[in-house]
Amino acid sequence: MNSSGAMNEASRREVRAGLEPSLARLWRYALVLSKARDAADDLVQATCLRAIERADQFIPGTRVDRWLFAILRSIWLNEIRSRRIREGGGFVEAEDALTTDGEREIEMNITASAVLRAIDRLPEAQRETILLVYGEGYSYAEAAAALGIPIGTVMSRLAAGRAALAKLK
């Protein structure tokens, strides 16, 4: 097998290994973007399919989850461009997207629910930037690359989002 074939096989193995551990995070991101449970399910399924189909485009040794998030966002943007998501249909309350196992988890879910409700009030650009940086731990540079925007725009969206959230207290 030549080096290109070996690299493609390594890419496919790494993508397959990274899919399952990323599913919950991908679904949360899809839910934040779409605000609809069924749309989030469809987005994650389409992301997995595209990742498997294009695994040879993945660069071994880089972060599979970042690559998957970029694919999901690209699919979402294509969906928005091709058809408008109807406002109000299929929205999911933050509480419904969280689990309630045990006392500590319930307390955490109450706090997380309040945070998610507040974040849901923000414009979409601020919502997704806040989720990537604060929720998923992306650096500003990683978020900028994932969103296809300058790093200054990431910082601006975060500042505006924090200011808006502070006013909601």
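The values are calculated or read from the model by the stated rules, or taken from the named source; none is laboratory data. Note that this is a predicted model, so its numbers are computed, not measured. When we count neighbours, we look across all protein chains shown, and the Cβ atoms used for this are built from the backbone with ideal geometry, even at glycine.
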For Ala46, state whether it is modelled with pLDDT under 90, buried (at least 16 other Cβ atoms within 10 Å of the Cβ) and closer than 30 Å to Leu116 by Cα.
no
Hey, can you tell me all the residues within the range 137-169 that are closer than 22 Å to Ala40 by Cβ and surrounded by fewer than 18 Cβ atoms within 10 Å (Cβ to Cβ)?
Gly137, Gly148
Can you give me the number of residues within the range 118-133 that are within 17 Å of Trp27 (Cα to Cα) and of a type outside the set (A, V, I, L, M, F, W, C)?
5
Is it true that Ile130 is in a helix (DSSP H, G or I), modelled with pLDDT under 80 and of a type outside the set (Gly, Ala, Ser)?
no
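Residue by residue, here is whether (1) assigned to a helix (DSSP H, G or I); (2) over 23 Å from Gly135 (Cβ atoms); (3) of a type outside the set (S, T, N, Q); (4) at pLDDT 85 or above holds:
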position	(1), (2), (3), (4)
Ser4	yes, yes, no, no
Arg12	yes, yes, yes, yes
Ser22	yes, no, no, yes
Arg66	yes, no, yes, yes
Ile75	yes, no, yes, yes
Ile85	no, no, yes, no
How do the pairs read when you match residues in the range 114-127 that are under 14 Å from Leu158 (Cβ atoms) with residues anywhere that are in a helix (DSSP H, G or I) and among the acidic types (Asp, Glu), using Cβ under 9 Å and keeping only pairs 6 or more apart or on different chains?
Arg127/Asp120
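Based on this model, can you work out whether Arg117 counts as exposed (fewer than 14 other Cβ atoms within 10 Å of the Cβ) and closer than 18 Å to Val32 by Cα?
On the way: exposed (fewer than 14 other Cβ atoms within 10 Å of the Cβ): yes; closer than 18 Å to Val32 by Cα: yes.
Taking the combined requirement at face value, the residue satisfies it.
Filter the range 25-64 down to residues that are charged (D, E, K, R) and not in a helix (DSSP H, G or I) and give me whichever is farthest from Gly148 (Cα to Cα). Don't jump to the end; show me each part of the working.
Of all residues in the range 25-64, those charged (D, E, K, R) come to 25, 28, 35, 37-38, 41-42, 50, 53-54, 56, 63.
If we keep only those that are not in a helix (DSSP H, G or I) as well, we get 35, 54, 63.
On the way: Lys35: 22, Arg54: 20, Arg63: 17 Å.
Checking each candidate, the answer is Lys35.
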